[in-house]
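Single-structure report; data block below.
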There are 2 protein chains.
Amino acid sequence: MSTLQNDLYLRALLREPTERTPIWMMRQAGRYLPEYREIRKEAGDFMTLCKNPELACEVTMQPLRRFPLDAAILFSDILTIPDAMGLGLYFEAGEGPKFERPVRDLAAINKLGVPDPEQELGYVMNAVRTIRRELKGSVPLIGFSGSPWTLATYMVEGGSTKNFSEVKKLMFAEPQAMHKLLDTLAQSVTSYLNAQIAAGAQAVMVFDTWGGVLSPRDYREFSLRYMQQIVDGLTRENEGRRVPVTLFTKNAGPWLDEMAKTGADALGVDWTTDLADARKLVQDKVALQGNMDPSMLYASPARIEEEVATILASYGHGHGHVFNLGHGIHPQVDPDHAAAFIEAVHKLSPAYHR
Amino acid sequence: MSTLQNDLYLRALLREPTERTPIWMMRQAGRYLPEYREIRKEAGDFMTLCKNPELACEVTMQPLRRFPLDAAILFSDILTIPDAMGLGLYFEAGEGPKFERPVRDLAAINKLGVPDPEQELGYVMNAVRTIRRELKGSVPLIGFSGSPWTLATYMVEGGSTKNFSEVKKLMFAEPQAMHKLLDTLAQSVTSYLNAQIAAGAQAVMVFDTWGGVLSPRDYREFSLRYMQQIVDGLTRENEGRRVPVTLFTKNAGPWLDEMAKTGADALGVDWTTDLADARKLVQDKVALQGNMDPSMLYASPARIEEEVATILASYGHGHGHVFNLGHGIHPQVDPDHAAAFIEAVHKLSPAYHR
């Protein structure tokens with residue numbers, strides 16, 4: 001493996017000194033890039049892109065060729081694990097992910113096995129290895145997975161949902177079945193992320209997109225508890241270096257302090273929480289990643305720079321901040337506005353690290 | 001007007017002593033009731049129900065005939081104001097509300113007038129008068145409106161939205177146009193709610209369903225500021241009695257303290273904030289309404305009762321709590337479970353008022 005030339009992202013996650021605030025963007029490889037839309041059109045569908053290591057690598061590299069980003073993130077889907085469990089993931093045009101065989105009772109849950117990451121999910125590990133080679137040590141590679149709760153919502157609902165009726169029905173009416181499902185998922189995510197680390201991921205992130213639809217009590221019992229199980233089971237060092245883990249729950253403002261106690265190195269923060277408040281809550285126990293509203297990229301470059309300044313000031317002086325959007329970049333964003341965003345962070349952040 | 005026989009709801013909103021915690025349910029008149037589905041089928045579409053005062057009255061009364069609820073709420077839609085402004089509200093099966101003529105630039109915004117509540121919205125005032133008569137003083141009648149920000153999201157997007165791209169594009173790229181729209185809406189909501197009060201609404205509620213998709217800074221500037229303008233302009237006394245106003249922003253946990261400073265009498269709280277924390281935040285300056293996860297109604301009556309006990313304990317001893325769901329009741333809920341919920345509040349809450 002080549003020596004890492006830019007390790008700002010890894011150092012920031014460990015709250016070590018950096019000369020400026022590192023930046024990457026959630027969904028930085030995606031539909032807002034014309035070169036992505038082209039390769040996606042050729043591939044035909046989204047899962048073909050994910051399952052072909054060369055294409056996944058190419059797509060991962062695209063934003064890095066355009067922008068001075070401080071990390072690459074594996075191009076994949078959060079639903080690879082349930083797909084590997086045999087639920088039959090597919091995408092309907094304009095409708096988001098769906099499962100052919102949703103899981104709605106204990107009998108179906110008991111049949112689920114923990115996928116072997118080098119077998120059923122071997123295509124992901126091959127993508128990680130290919131990307132690591134292609135990066136040539138320029139920036140670190142982030143591996144990721146959906147959280148157990150978030151995966152469970154799709155598995156029980158059979159796709160996206162507005163009300164989370166089915167998954168909450170199971171959770172409230174048959175909590176033991178739900179716990180069994182979440183435990184199987186936590187084991188699967190742990191082994192999946194450890195395999196990504198062994199294959200070359202230098203940091204990992206757990207996306208809990210839907211933890212925020214739970215009450216604080218239910219969040220602790222059905223989401224955080226299983227992210228804790230994952231954090232406890234992760235490989236924390238590889239290639240002679242700490243492998244930082246970031247937890248991200250959307251709408252997690254009120255629970256950031258509890259998330260900080262899991263032993264994760266960093267927390268993702270969406271734009272509904274002020275970074276100043278978040279930092280007070282976690283008392284510098286963890287690094288923070290975030291948190292510009294992705295819609296701000298519709299505004300003028302001058303307005304974007306103003307917002308970057310506000311967010312940097314909100315985090316304040318000192319290390320431990322990774323700049324990012326509070327959620328994925330929207331498909332309609334002009335890539336030049338993304339460039340202005342990244343440039344603003346490069347320009348304005350050094351003042352906070354002196 | 002008949003004397004009010006049950007004023008528990010009004011007293012609780014003013015933090016006056018009550019012998020138990022009053023309860024009503026958001027969307028208590030709705031699709032989970034077979035008698036609602038029947039009348040809705042006869043009427044043909046949703047807006048016909050809203051625009052016919054006799055039908056709106058009948059539907060408002062339905063849950064009160066089944067359950068010992070402590071308040072009635074006007075059956076109407078949150079989008080009546082933009083409809084009255086000429087945007088052409090319609091509903092597509094299974095798709096939610098849409099507007100024929102969305103508003104996306106300053107020119108379109110400048111053309112919008114403040115509707116006359118007794119003219120363009122006269123059907124709502126007639127419904128309020130009809131319901132008040134029909135209630136015969138049994139319980140108070142709640143009037144309501146969408147908040148300016150929430151109305152603006154539908155008006156700019158042209159319907160429901162996942163990303164709020166269009167409305168945020170306008171907000172970030174043309175903030176002055178957005179402020180003009182929100183000011184026109186705040187004036188309209190104020191005059192609409194005052195007309196409902198004059199027609200007989202004994203309390204009013206402002207639903208800010210989408211304030212929670214904003215950053216704290218943007219929430220203050222684009223949502224809370226205009227709810228403040230409404231609170232300042234409302235008739236606060238009628239028929240010799242205080243007319244309490246409740247503000248409800250979904251996902252507003254972190255801003256409850258700022259909302260409490262508007263002069264509103266009460267705040268609605270969804271299930272993502274613990275009532276104990278909410279009460280600490282607002283320091284008993286306002287009453288609190290909430291906050292059971294509506295999905296809990298899928299669980300067994302025993303589990304529902306357990307959750308009611310937890311929520312009552314979370315608010316704790318003392319007055320100023322109105323029990324409710326944290327959002328509208330789901331259409332798939334069994335009415336018997338709603339009955340069990342209401343019964344549990346009747347049974348368990350007196351202990352907290354001794």
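Here are some residues: B:Ala199, B:Ala260, B:Ala264. Which one is modelled with pLDDT of 95 or more and out of contact with any Leu (no Cβ under 9 Å at 6 or more places or on another chain)?
Of B:Ala199, B:Ala260, B:Ala264, the one residue that is modelled with pLDDT of 95 or more and out of contact with any Leu (no Cβ under 9 Å at 6 or more places or on another chain) is B:Ala199.
Counting only residues that are without any contact (Cβ under 8 Å) to a residue 60 or more places away in the chain and within 18 Å of the chain's Cα centre (by Cα), which one in region A:234-246 is nearest to the other protein chains (Cβ to nearest Cβ)? Filtering first and then ranking leaves A:Val245. Regarding A:Gln289, is this residue more than 9 Å from chain B (Cβ to nearest Cβ), of a type outside the set (Ser, Thr, Tyr), closer than 19 Å to A:Arg15 by Cα and buried (at least 22 other Cβ atoms within 10 Å of the Cβ)? Judged against the criteria, A:Gln289 is a match. Filtering region A:328-354 to residues that are surrounded by 14 or more Cβ atoms within 10 Å (Cβ to Cβ) and acidic (Asp, Glu) leaves only A:Glu343.
Quick test for you: out of A:Gly233, A:Gly200, A:Gly146, pick the one residue that is out of contact with any Phe, Trp or Tyr (no Cβ under 9 Å at 6 or more places or on another chain) and under 19 Å from A:Val114 (Cβ atoms).
The match here is A:Gly233.
Reported count of residues in region A:292-310, each being surrounded by fewer than 24 Cβ atoms within 10 Å (Cβ to Cβ) and either of a type in the set (Ser, Thr, Tyr) or more than 14 Å from every other protein chain (Cβ to nearest Cβ) (or both), is 3.
What about A:Leu170, is it closer than 17 Å to A:Trp210 by Cβ, of a type outside the set (Ser, Thr, Tyr), assigned to a helix (DSSP H, G or I) and more than 14 Å from chain B (Cβ to nearest Cβ)? Taking the combined requirement at face value, the residue does not satisfy it. All told, A:Trp255 meets the bar of being part of a helix (DSSP H, G or I), crowded, with 20+ Cβ neighbours inside 10 Å and under 21 Å from the mean Cα position of the chain (by Cα). Within region B:173-205, the residues that satisfy the criterion of being among the charged types (D, E, K, R) and assigned to a helix (DSSP H, G or I) are B:Lys180, B:Asp183.
Every listed requirement among (1) β-branched (Val, Ile, Thr); (2) within 14 Å of chain B (Cβ to nearest Cβ); (3) over 23 Å from A:Ser215 (Cβ atoms) is met by A:Val269 save one, (3). Answer yes or no as to whether A:His327 is within 18 Å of the chain's Cα centre (by Cα), within 11 Å of chain B (Cβ to nearest Cβ) and modelled with pLDDT of 95 or more. Criteria met by A:His327.
Picking from residues in region B:211-226 that are crowded, with 24+ Cβ neighbours inside 10 Å and in contact with a strand residue (DSSP E or B) (Cβ under 7 Å, 6 or more places away or on another chain), the one that is farthest from the other protein chains (Cβ to nearest Cβ) is B:Ser223.
Any chance region A:311-319 includes a residue that's farther than 23 Å from B:Lys250 by Cβ, free of Cβ contacts under 8 Å to residues at least 40 places away in the same chain, facing chain B (nearest Cβ under 10 Å) and part of a helix (DSSP H, G or I)? Within region A:311-319, one or more residues are farther than 23 Å from B:Lys250 by Cβ, free of Cβ contacts under 8 Å to residues at least 40 places away in the same chain, facing chain B (nearest Cβ under 10 Å) and part of a helix (DSSP H, G or I). Taking the criterion of being within 22 Å of the chain's Cα centre (by Cα) and outside any helix (DSSP H, G or I), would at least one residue in region B:33-43 satisfy it? Yes: region B:33-43 contains one or more residues that are within 22 Å of the chain's Cα centre (by Cα) and outside any helix (DSSP H, G or I). One residue alone among B:Ala152, B:Ala177 is in contact (Cβ under 8 Å) with a residue 24 or more places away in the chain and either of a type in the set (Ser, Thr, Tyr) or surrounded by fewer than 22 Cβ atoms within 10 Å (Cβ to Cβ) (or both), and that residue is B:Ala177.
Restricting to region A:6-32, count the residues that are in a helix (DSSP H, G or I) and among the polar types (S, T, N, Q). Result for region A:6-32: 0.
Being of a type in the set (S, T, N, Q), under 30 Å from A:Gly328 (Cα atoms) and surrounded by 24 or more Cβ atoms within 10 Å (Cβ to Cβ) is a condition met by no residue of region B:155-165. One residue stands out among those in region A:79-97 that are at pLDDT 95 or above and closer than 18 Å to A:Phe164 by Cα: the one that is surrounded by the fewest Cβ atoms within 10 Å (Cβ to Cβ), which is A:Leu79.
The values are calculated or read from the model by the stated rules, or taken from the named source; none is laboratory data. No experiment lies behind these values; they were computed from the predicted model shown. Note that each Cβ is placed from the backbone with ideal geometry, even for glycine, and that neighbours are counted across all protein chains shown.
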